[in-house]
Structure formats: C-alpha cells, structure tokens
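Okay, so here's the structure we're looking at.
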Amino acid sequence: MAAATAAVFALLMASALAGAAAGGDIVHHDDEAPKIPGCSNDFILVKVQSWVNGKEDDEYVGVGARFGPQIVSKEKHANRTRLMLADPIDCCTSPKEKVSGDILLVQRGKCKFTKKAKFAEAAGASGIIIINHVHELYKMVCEKNETDLDINIPAVLLPRDAGFALHTVLTSGNSVSVQQYSPDRPVVDTAEVFLWLMAVGTVLCASYWSAWSAREALCEQEKLLKDGREVLLNVENGGSSGMIDINVASAIMFVVVASCFLIMLYKMMSSWFVELLVGLQTCLVALLSRWFRAASESFFKVPFFGAVSYLTLAVSPFCIVFAVLWAVHRHFTYAWIGQDILGIALIITVIQIVRVPNLKVGSVLLSCAFFYDIFWVFVSKRWFHESVMIVVARGDKTDEDGVPMLLKIPRMFDPWGGYSIIGFGDILLPGLLVAFALRYDWAAKKSLQTGYFLWSMVAYGSGLLITYVALNLMDGHGQPALLYIVPFTLGALISLGWKRGELWNLWSKGEPERVCPHHMHMQPQPKTPPLVQ
C-alpha cells in the first residue's frame, strides 16, 4: 500500500499544473476599454535597445500604446534617437523646455497616458517612454469619452526596474540614445514541434511500458492457474506488482487535492520542489531490472525504508547526483534538458504504477481535469485578478522560471526568446487513458488497426496540436490544454467503443471476457462416440 499511496500523491502533484502557457504575456486586461477612433492599435511588445555614451548597452522590453503610430517591426528601419528626462518628470503639464526630436523619459504620475503624449508631442518630442510604478507591463488604453486623440508620436511603457535603470543612467550625466522596434514572432516555432513530439513520445513509451507490465502480470497469473494453484495476483490493491487502480472517488478527489496544491503554490511559491528524484530512480530501476534480475530480486533492509533491492541502492547515488546537479544549475540556459529528463521519467513512472481500470473511471478523471484546467486558467481571474495556473507555471511570484512540474524547450527562432511549455498533467492524465486502451487491446488480442490504442494516440496528438494552434491564434496567451485534449481523447474512445458494440465492456469491466484456463480443465469433456466395427 505504500507504493500505491506514493503513486497517487505523485499523480496529484504532477497534475497540479495542466495549462500550457507561453512567455511574453501582458498582464493587464482591457475588456472594458474597446477600440475607438484614434485609439485602435493592437497591443505589441516593444524592444528598447539603449546606447550609453555611444556604446551599446542593455535592451529592455516594453509595451506599445493603443494610441499613436505603430512602431516599426524591422530593426533596420528603427532610428536611433537621443533620450532625455522630462521636466516635470511626470509630464502631466507642458515641459519647461522645447525638445528637438528627442524621446522623453517620464514617470507614470497620476494623469492619463494620452495627456502625457499630447504634452510631449507639443514640446517637439519624437516619442515618449513611460516608467510604470510596478514591475508588470500594463496596456495603455484610452478613456471611453476621450476625444481629440490625434496623437502622432509613439508611446511605450516600461516596467519599473527597466525604466529606473534608464533614469539612473541619465541622472548620472551620461548621453543615452535608444532604438525602438517590435519584431514579429514566427507563426510556428520549432520548439513547439519538438515539444509536441516529446509529449506524444512520452505517452507512447509510458503506454507500452504499462501494457508490458500488465501482460507480464497476466502471464504469471495464467501460469499459476494452469499449474492448478489457487493464487491470484492482487493487482487492484497494489499487491506484489506495485500497481494501483484508481477508482471514481479518487478521480473526483483529484480536483479538490490538486486545487489546494495549486493555491498553495500560488500563495507560497518558493524554490523547494522535491518530486522529480523519485521518478528517475523508479524508472531506471524498472528498466535495469530486466538485465540485472538477480540484483533487483535481492533485498537489503534499510532503516526507515524497509527492504530495498541492491539494484535500487546502486542506482540511487546516480539519481541523487543528477537531481542535485540540476537543482544547482537550474538557472543556466541548458537546465531545461535536465528538467525534461527528470520530468519524463516521473510521468512514465506514474503511468506505469497508476492505472485506469475502465473507461468509466477514465471519463470521470478526465472530465474533472477538463473543468479544473478551464477554471484555474480562465475563471480564476475573477477572484485572483490573474490566471492562477499561468502565474504558477511561469513563476511570476518568485525569481524562479516557474515550478519544475512542466516540460519546456527554448523558443529557438523567436526574437522574444522564452520557452514553450506544457504541464505534466497535459501528458500524464490523458496518458493514463491511452495506456488503458493499449492494455485492453493486448488483453483482447486486437491488432493495431482494430484496437483502440492507435486511435487514442491519434486523438491525443490531434488535441495537443489544436492546443498549439489556439496558443498561436491567441498571441501566446496561456491556454488550458485539456480543454482541447480531453474531448479528442475521450470522445475517440467512447465513439469507437459505441460503434463497435464494446462500449459497455470498456465502460464497466475494462477488460475483455476471458475463460479461466484452470476452469476449462475442470469442465466435463464431451464423450467420443464408439467406433463402428
């Protein structure tokens, strides 16, 4: 039962993050500030490259305003312009001195964004950069009743730390010039392609491993029955196989426990997370036990841990060193490789240990996850004023790059950088159902074409593909991946089972009808008629 409890806990922790998110989101929303004449620009991120005393310096990222001309997208078309401090600094009144085509650096102040831009334009400025009073980027919108919005200079808002960095350089007597441009993101980044392949490949490997383990347990059971011994493998309750079948109650509890865990991360985010080491160790031990069977079947008693195999003791130091090295170097650019290795090992381990016994439990689990994902990505904004799922995934409340319960790949050809990410739950939860489909096919001796596994894999891959299409259509704003994956995966199994007339068997029993070999030997054999002489 210890292994079963650990598996369920790992499932809940790994599924706490189930929303795909992309970097570069602007946190302020303006649903109540629609476009009006003179204030109808699309919001864009803007790169502000600086030069100090003629030498190239830091590059900052801001957001363009809804009013004013659009900022050029090509760096070669952007002009390098001198930057100067506004006087008064908030530019809520006319500047004391005329500006000859320079860009004014102003503080947020208490007046409207449009008012600042009008005063700066009247003073002869070619643009205005506003320092926000907080670290986030806010969209600069216009009031509904504003008129006379003929503003002909661009306005850019910088977060507080970036703006004050420029302010400090200017007040130190340095000459500063800036170049503003907004490069377009590629329609499809190769990172999303590789992440899709990684997710689908993980589900594929985990499903075959789960089905292989189930087949070995079944073969051992049939062998015992053929030998005439009344011994059954207690797979449902963990037993010697170390597996556990979740039920409807635990599937429903998933939403409650996972939500509590997500809120805890949102309120108390920190750099301590301990869930990846166990997955790597279990995965390696299970894999190596096929070649080192003697070491895996020989046990040594360890205090507080009980009986531990010699193979586990041999593998543990490597896993500990790997996890520690990743933790130490997690801020480096290449740390995503170690995080993905540890994450994939954990996902495969959980799918191999935790099993969906039938389609009924799988439907309840995925349906709960479907609404859970939508709520914490979209609906949670009403209570928390931001998407809880995305904030936790990106690590907005900490110096970390997000929690390590997601797979990520750097966006290699995106001028804005960042990562394409996917939560463990978007792979693990549908993977449990896909693994169930393969176990059913093997037990029913179905071919790849006549079974359910192939079509469930196609459905999962299609749902994940639609997720990335929606992600790009929404300009990189985080999307609940299970919103698209669950209808595809669950719908494919249910509709295919209904069409083949096997839905009830899939729904309730989760396994094909099998005749007990021991029972067959006990049946009376038909008498052979005597030979006619």
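Could you report the stretch 27-181's accessible area per residue, 1.4 Å probe, as an integer in Å²? If you can, show how the numbers build up before the last one.
Working: 7780 Å² over 155 residues.
I get 50 Å² per residue for the stretch 27-181.
Can you pull the percent of the stretch 27-181's accessible area that's carbon plus sulfur, 1.4 Å probe, other chains left in place? If you can, show how the numbers build up before the last one.
Values: 3620 of 7780 Å².
Ligands and nucleic acids excluded, carbon and sulfur reach 46 percent.
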task: Give me the percent of the accessible area of the stretch 330-372 that comes from carbon and sulfur atoms, probe 1.4 Å, all protein chains in place.
output: 73
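Just subtract the alpha-carbon distance of Gln449 and Met474 from 0.36 nm times their residue separation and send over the number in nm, one decimal. Let's see the in-between values first.
On the way: separation 25, 0.36 × 25 = 9.00 nm, distance 3.61 nm.
Extending this stretch completely gives an extra 5.4 nm.
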query: In the stretch 27-181, with Lys and Arg counted as +1 and Asp and Glu as -1 at Cβ, which of these residues, Ala165, Tyr60, Ile89, has the Cα nearest the positive end of the dipole, that is, farthest along it?
result: Ile89
message: With +1 on the Cβ of every Lys and Arg and -1 on the Cβ of every Asp and Glu, and nothing else charged, how large is the dipole of the stretch 27-181 about its Cα centre, in debye rounded to the nearest 20?
response: 220
query: Of Tyr372, Tyr452, Trp416, which is farthest on the positive side of the dipole of the stretch 321-456, counting Cα position, with +1 on Lys and Arg Cβ, -1 on Asp and Glu Cβ, and the Cα centre as origin?
result: Tyr452
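The values are calculated or read from the model by the stated rules, or taken from the named source; none is laboratory data. Keep in mind that this is a model prediction, so the values were computed, not measured. Cβ: placed from backbone, ideal geometry, glycine included. Neighbour counts: every protein chain shown. Each accessible area value is taken on the protein alone, full model and side chains, heavy atoms only, with ligands, DNA and RNA left out. Shrake-Rupley method; radii C 1.70, N 1.55, O 1.52, S 1.80 Å.
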